[in-house]
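Here the structure is laid out as structure tokens; the discussion comes afterwards.
The values are calculated or read from the model by the stated rules, or taken from the named source; none is laboratory data. Predicted, not measured: the structure shown is a model, and the values here were computed from it. Quick reminder, even Gly has a Cβ in these numbers, built from the backbone with ideal geometry, and neighbours come from all protein chains shown.
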């Protein structure tokens, strides 16, 4: 968790071959899983956020093979300390279901 914007940007481009300038939020977690950094490009520069969880730990991927794109729901679960492997919620009904 010692890297700043340039170091995290290098990880994103060199290790994961991802585009820094996509409309994406890139998350990085500390070893104790009680803190994370978020890197985001907002059209005129980079924004770096840092948060320390006072009580509890994040359910973070254990290795590089588990790194993946998250939905907004999965991101919320992750940042609330829940597993992103939640059981599926009830799906919205499709129009015409009762006809």
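What to note about this one:
- Residue that is touching a helix residue (DSSP H, G or I) at 6+ places or on another chain (Cβ under 7 Å) and either modelled with pLDDT under 85 or over 23 Å from residue 15 (Cβ atoms) (or both), where the choices are 73, 86: 86
- Of residues in the stretch 2-18 being part of a loop (DSSP other than H, G, I, E, B) and under 15 Å from the mean Cα position of the chain (by Cα), the one nearest to residue 65 (Cα to Cα): 16
- Residue list for the stretch 1-27, restricted to those being under 19 Å from residue 73 (Cα atoms) and in contact with a helix residue (DSSP H, G or I) (Cβ under 6 Å, 6 or more places away or on another chain): 26
- Enumerated strands (runs of 3 or more DSSP E) restricted to the stretch 22-68, each holding at least 1 residues that are under 16 Å from residue 84 (Cβ atoms): 25-29, 35-41
- Subset tally (residues that are out of contact with any strand residue (DSSP E or B) (no Cβ under 6 Å at 6 or more places or on another chain), surrounded by 12 or more Cβ atoms within 10 Å (Cβ to Cβ), within 23 Å of residue 14 (Cβ to Cβ) and at pLDDT 85 or above) for the stretch 47-70: 1
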